[in-house]
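The structure appears below as structure tokens.
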Amino acid sequence: MHSSAGLPLAARAADLVGSVIDSSTSLLASQTHDIVRFAMGAPAPEAIPTEVLAEIGAETIGAGAHAAFDYAATEGDPGLRAALVEELAGTSDETTLERLTITSGGMQGLDLACKLFVDPGDLVVVESPTYTNGSATALSYQADLLEVPVDDDGLQVDVLEDLVRRAGRTPKVVYAIPTFQNPSGASMSLERRRRLLDLARSWGSMVIDDDPYGMLRFEGEPLPTLHELAAGDPLVFSVRTFSKIVAPGLRVGWVDTAPELQPLLINAKQAMDTCTNHPLQRLLARFLEDGHLGAHLDTQRAEYGRRKRAMQQALEAHFAGRARWTDPQGGFFLWVTFDPAVDTEALFPIALAEGVAIIPGNAFSPSKRFPDALRICFATSSPERIAEGVARLARAVDRLAARTSGRS
Ligand SMILES: Cc1ncc(COP(=O)(O)O)c(C=O)c1O
């Protein structure tokens with residue numbers, strides 16, 4: 001029995017690792033000085049379509065909309081499910097009603113996937129680096145994690161094959177973020193996507209296809225999602241969310257799975273939260289029905305491309321020759337690696353004091369790799385604030401270097 005303050009904790013409680021990323025929200029809220037926010041992967045405040053939401057909200061969840069405040073169906077509000085099927089028709093995420101379950105954000109999709117497929121001690125492949133909360137979810141179900149490196153073309157599938165051979169057992173689940181990966185921004189090449197699915201089929205593994213950023217492409221040619229490439233093969237469990245394309249505080253997402261899984265998803269969800277927030281599902285249903293998403297995404301994509309370039313220019317101005325960074329064609333993040341090495345965990349409090357929030361690289365690896373890297377989000381801040389934030393980051397790196405050399 002594990003114990004904390006003498007309480008009879010479950011064994012799994014010891015495997016709960018939490019998220020450095022999420023904890024930064026309350027840490028930042030408690031700061032009183034000006035901070036440029038590169039830490040959370042959140043849309044810009046001005047990118048949240050509050051005027052449209054207020055307008056349609058008055059009708060859909062305003063006075064008299066009693067039904068919207070009742071419990072919803074566990075699989076999701078019928079209006080939202082129907083509007084989503086229509087919205088996704090003809091895209092790489094095209095789906096049908098019987099494959100669709102509305103969730104409380106992408107995180108609940110990840111939790112449901114692990115709840116259904118991960119037993120204690122199962123091998124779960126994660127990208128390295130990976131989304132902190134994704135690996136934390138697998139760990140909360142007591143998985144053994146196998147970290148597989150990512151390069152500019154995403155998950156290194158040949159290395160995956162090799163590491164699985166050496167592990168002497170096949171993975172139960174492969175957790176992949178194929179497009180504009182969090183944190184690196186890399187996208188898995190088409191060839192690797194196909195090979196990954198072939199390998200998963202040969203192993204009998206499930207693939208969690210976590211793709212919250214795919215609709216936010218501002219450069220390059222679209223790639224088919226794992227969902228599309230799988231063509232209905234039940235091994236792909238796709239997790240999607242409105243968090244990055246509309247607003248994260250809504251906490252509404254969806255999963256797209258083999259229809260046979262839906263009764264299990266419903267049972268699991270009924271034991272978790274009964275249903276996803278009903279008023280906000282209604283609000284999103286109307287947002288989609290009225291055709292707002294397409295125009296909204298067009299504006300956001302152009303703006304995020306501009307912000308990425310602003311961040312790269314600022315990095316070039318301050319860190320040329322001292323660091324490398326990625327060049328994503330969409331999404332929210334740049335991944336910066338320092339050479340010579342900078343201890344980014346030690347950098348974090350200094351950067352915060354200078355007025356810029358980052359996430360240290362080791363937060364994206366369960367075994368704490370990438371001590372000399374960091375993730376910065378270009379989506380949240382204007383180009384001017386990005387320039388200011390990178391200048392502050394450069395001052396913080398210099399202060400850390402001065403402190404380190406003073407000590408030695
Ligand atoms: C790769 C990835 N998956 C899932 C999520 C979780 O999404 P949500 O905020 O909708 O729970 C995020 C959010 O940062 C993410 O980056």
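What to note about this one:
- Counting only helices (runs of 4 or more DSSP H) that sit wholly inside segment 155-257, those with at least 3 residues that are closer than 17 Å to Pro129 by Cα are 157-167.
- Inside segment 144-174, residues that are within 16 Å of the ligand (Cβ to nearest atom) and open to solvent by 50 Å² or more (accessible area, probe 1.4 Å) make up a count of 0.
- Any hit, segment 51-60, residues being surrounded by 11 or more Cβ atoms within 10 Å (Cβ to Cβ), assigned to a loop (DSSP other than H, G, I, E, B) and more than 26 Å from the chain's Cα centre (by Cα): no
- Of all residues in segment 287-342, those satisfying the criterion of being among the acidic types (Asp, Glu) and surrounded by 16 or more Cβ atoms within 10 Å (Cβ to Cβ) are Glu289, Glu303.
- For segment 277-285, the criterion of a residue being surrounded by 21 or more Cβ atoms within 10 Å (Cβ to Cβ) and in a loop (DSSP other than H, G, I, E, B) is satisfied by no position.
- Per the listing Tyr141, Tyr131, the residue uniquely near the ligand (Cβ under 10 Å from one of its atoms) and open to solvent by 10 Å² or more (accessible area, probe 1.4 Å) is Tyr131.
- For Phe218, the criteria (1) of a type in the set (A, V, I, L, M, F, W, C); (2) within 18 Å of Arg301 (Cα to Cα); (3) within 16 Å of the ligand (Cβ to nearest atom) hold in every case but one, which is (3).
- Against the list (1) under 21 Å from the mean Cα position of the chain (by Cα); (2) open to solvent by 10 Å² or more (accessible area, probe 1.4 Å); (3) more than 30 Å from Ala143 (Cβ to Cβ), the condition Glu354 fails is (1).
- Scanning segment 66-110 for residues that are open to solvent by 40 Å² or more (accessible area, probe 1.4 Å) and either acidic (Asp, Glu) or within 16 Å of the ligand (Cβ to nearest atom) (or both) returns Asp70, Glu75, Glu86, Glu87, Glu94, Glu98, Met107.
- Close pairs (6 angstrom Cβ cut-off, 6 or more residues apart or separate chains): on the phi > 0 side of the Ramachandran plot in segment 63-80, surrounded by 11 or more Cβ atoms within 10 Å (Cβ to Cβ) anywhere: Gly76/Ile102
- Within segment 12-28, tally of residues that are open to solvent by 70 Å² or more (accessible area, probe 1.4 Å) and touching a Gly at 6+ places or on another chain (Cβ under 9 Å): 0
- Scan of segment 29-50 for residues that are farther than 21 Å from Thr241 by Cα and either open to solvent by 10 Å² or more (accessible area, probe 1.4 Å) or assigned to a loop (DSSP other than H, G, I, E, B) (or both), ordered by number: Ala29, Ser30, Gln31, Thr32, His33, Asp34, Ile35, Arg37
- Filter result for the condition that a residue is within 16 Å of the ligand (Cβ to nearest atom) and either of a type in the set (A, V, I, L, M) or on the phi < 0 side of the Ramachandran plot (or both), over Leu235, Leu261, Leu250, Leu229: Leu250
- Among residues that are part of a helix (DSSP H, G or I), over 27 Å from Gly294 (Cα atoms) and within 16 Å of the ligand (Cβ to nearest atom), Ala136 is included.
- Residues of segment 368-391 classified as within 14 Å of Ala357 (Cα to Cα) and part of a helix (DSSP H, G or I), total: 7
- The residues listed here are Pro178, Pro212; of these, the one that is open to solvent by less than 10 Å² (accessible area, probe 1.4 Å), within 16 Å of the ligand (Cβ to nearest atom) and in contact with a helix residue (DSSP H, G or I) (Cβ under 6 Å, 6 or more places away or on another chain) is Pro178.
- Considered as a group, the residues in segment 267-276 that are within 29 Å of Gly64 (Cα to Cα) and crowded, with 17+ Cβ neighbours inside 10 Å include one that is nearest to the chain's Cα centre (by Cα), and that residue is Thr276.
- Taken over segment 269-286, the criterion of being among the hydrophobic types (A, V, I, L, M, F, W, C) and either within 16 Å of the ligand (Cβ to nearest atom) or touching a Ser or Thr at 6+ places or on another chain (Cβ under 7 Å) (or both) is satisfied by Met272, Cys275, Leu280, Leu283, Leu284.
The values are calculated or read from the model by the stated rules, or taken from the named source; none is laboratory data. All of these numbers come straight from a predicted model, not from anything done at the bench. Cβ coordinates were reconstructed from backbone atoms using ideal geometry, including for glycine residues, and neighbour counts include every protein chain displayed. The accessibility values were calculated without ligands, DNA or RNA, using every heavy atom of the protein model including side chains. Shrake-Rupley method; radii C 1.70, N 1.55, O 1.52, S 1.80 Å.
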